[in-house]
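Engineer: I'd like to ask some things about the structure below.
The values are calculated or read from the model by the stated rules, or taken from the named source; none is laboratory data. These numbers come from a predicted model, not from an experiment. Neighbour counts run over all protein chains shown; Cβ positions are idealised from the backbone, glycine included.
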C-alpha cells in the first residue's frame, strides 16, 4: 500500500515540473462576453426608459426642474399640481352714505351704509397648474364667494334716501345689502431660482351687489320696494411672483403677491315701486380704470409624495368699483339723468384650508 502511494506522489511531482505556468500579470484582463456568444445587457434598464418616456410625454425634462418642487421619487417636477380650498372671507364696508333720515330731527341719520357689516362667509378656490419644460408653468385659478348679506330694521318714521333729491317718507324699513365676488385668472409662471418664480397673466373679477329696502309709506301705509342693482366686470393684466420662504422636511412656507390694472365695465339700475308713487327707475353704464392687489401666505404639510394639506391667509384690495348704496347721490328716479359712480374700494381678507395633489 505504501509503495503505491509513493509511486503516485512521484508521478504527480514529475508531471508538475514539466508544466509551463504563465507569468504573473498585475493588469486585470476583462473578458469580452460577445466573444463567447453571450448577450450584452442594455445600459438603460426598462424602468428608467419608461420613466424617461413619461417625462417627455408630460413636458418635463429631468434637467429643467425646480429643486424646491421636485418629485421626491424621480427628482423631477410633477406634470400637474391641483389645489382645492375652502375659503372663509370677510368683506369691508361700503363708503359712508346716509340711507334713512329722521323725520322728527332733520339732518339726523337713522342708518348709514357704514353700519351695514358683513360676516365671514364661505367660498371655494380651485387652482390647476400644468408644469412644462423650460422652467415654465401654466396656471388657471378660480374662486368665488356669493353669500355676503347685511341686514337692518328701522321702525322709526324716516325719509328714504332714494336719489340725489331725497325720497318718500317711510316706516318699518327692512334693509338688505347683498354682495358676491367671482374671480378667474390665467398666469404664466417662469421659474428663476430655488425661491423666486415671477408670473404674468390675465384676470377677470366680477362684483355684483344688491341694496333693497321694503316697508310701508308713512301716512298711507302702502307697501313699497326700493332696489339698487350694481354690476362690476373687471378685465385686465397682472404681474407678480411666488416666493418660497422656508422648506424643511415635510413643511413648506411660501407666499404670492399680485398686482394689476383693469378696465371696469360698471352698470347700475335704481328702481322704486309703490301704489302712491308708481314705478320709477334710472340706470347707467360706464367704464373706469380699476386696480386689484393680492397677497397670500401659504403653509403646506406633505402627507405623502403626492398629497399635502395646506392653509392660506389671503388679502385682496380692489379700487375703482361701483358699490350699491353709493349710487344714491348720482341717481334720479324721477326720470332725469343719472350716472354710475365707480369710486369705491374694497378689502377682502380671510383664511383658507384645503388639499394639494401632485402627479
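Engineer: Answer yes or no: is there a residue in region 214-225 that is under 23 Å from residue 124 (Cβ atoms), touching a strand residue (DSSP E or B) at 6+ places or on another chain (Cβ under 7 Å) and either assigned to a strand (DSSP E or B) or at pLDDT 95 or above (or both).
Structural biologist: No - not one qualifying residue is present in region 214-225.
Engineer: Any idea which of (1) more than 22 Å from residue 82 (Cβ to Cβ); (2) without any contact (Cβ under 8 Å) to a residue 60 or more places away in the chain; (3) crowded, with 17+ Cβ neighbours inside 10 Å; (4) under 15 Å from the mean Cα position of the chain (by Cα) is the one residue 238 doesn't satisfy?
Structural biologist: (1)
Engineer: Here's something else I'd like to know. Confirm whether residue 193 is surrounded by fewer than 18 Cβ atoms within 10 Å (Cβ to Cβ) and in a loop (DSSP other than H, G, I, E, B).
Structural biologist: yes
Engineer: Which of the strands (runs of 3 or more DSSP E) contained wholly in region 115-180 include at least 2 residues that are closer than 30 Å to residue 82 by Cα?
Structural biologist: Fully inside region 115-180 and qualifying: 121-131, 136-154.
Engineer: Could you grab me the full set of residues in region 98-115 that are surrounded by fewer than 20 Cβ atoms within 10 Å (Cβ to Cβ) and within 14 Å of residue 344 (Cβ to Cβ)?
Structural biologist: Of everything in region 98-115, just one residue is surrounded by fewer than 20 Cβ atoms within 10 Å (Cβ to Cβ) and within 14 Å of residue 344 (Cβ to Cβ), namely 114.
Engineer: Which numbered condition in (1) modelled with pLDDT of 90 or more; (2) surrounded by 14 or more Cβ atoms within 10 Å (Cβ to Cβ); (3) in contact with a strand residue (DSSP E or B) (Cβ under 6 Å, 6 or more places away or on another chain) is the only one that residue 147 fails?
Structural biologist: Residue 147 satisfies all of (1) modelled with pLDDT of 90 or more; (2) surrounded by 14 or more Cβ atoms within 10 Å (Cβ to Cβ); (3) in contact with a strand residue (DSSP E or B) (Cβ under 6 Å, 6 or more places away or on another chain) except (1).
Engineer: While we're here: Could you tell me which of the residues 115, 190 is under 18 Å from the mean Cα position of the chain (by Cα) and either at pLDDT 95 or above or farther than 30 Å from residue 240 by Cβ (or both)?
Structural biologist: On inspection, the qualifying residue turns out to be 190.
Engineer: Output the residue which, of all residues in region 334-359 that are in a loop (DSSP other than H, G, I, E, B) and over 18 Å from residue 286 (Cα atoms), is modelled with the highest pLDDT.
Structural biologist: Looking at residues that are in a loop (DSSP other than H, G, I, E, B) and over 18 Å from residue 286 (Cα atoms), I get 359.
Engineer: Among the candidates 274, 267, single out the residue that is over 20 Å from residue 359 (Cα atoms), out of contact with any helix residue (DSSP H, G or I) (no Cβ under 7 Å at 6 or more places or on another chain) and at pLDDT below 95.
Structural biologist: The conditions single out 274.
Engineer: While we're on this one: Taking into account only those residues within region 290-314 that are loosely packed, with under 14 Cβ neighbours inside 10 Å and in contact with a strand residue (DSSP E or B) (Cβ under 6 Å, 6 or more places away or on another chain), which is nearest to residue 184 (Cα to Cα)?
Structural biologist: This residue is 307.
Engineer: Filter region 202-220 down to the residues that are over 17 Å from residue 316 (Cα atoms) and either touching a residue at least 40 places away in the same chain (Cβ under 8 Å) or in contact with a helix residue (DSSP H, G or I) (Cβ under 6 Å, 6 or more places away or on another chain) (or both) and list them by number.
Structural biologist: Selection gives 209, 210, 211, 213, 214, 215, 216, 217, 218, 219, 220.
Engineer: Test residue 278 against the stated conditions and say whether it is surrounded by fewer than 14 Cβ atoms within 10 Å (Cβ to Cβ), over 25 Å from the mean Cα position of the chain (by Cα) and without any contact (Cβ under 8 Å) to a residue 24 or more places away in the chain.
Structural biologist: yes
Engineer: Which condition breaks for residue 153 when tested against (1) modelled with pLDDT of 95 or more; (2) more than 19 Å from residue 323 (Cβ to Cβ); (3) surrounded by 15 or more Cβ atoms within 10 Å (Cβ to Cβ)?
Structural biologist: Tallying (1) modelled with pLDDT of 95 or more; (2) more than 19 Å from residue 323 (Cβ to Cβ); (3) surrounded by 15 or more Cβ atoms within 10 Å (Cβ to Cβ), residue 153 fails exactly one: (3).
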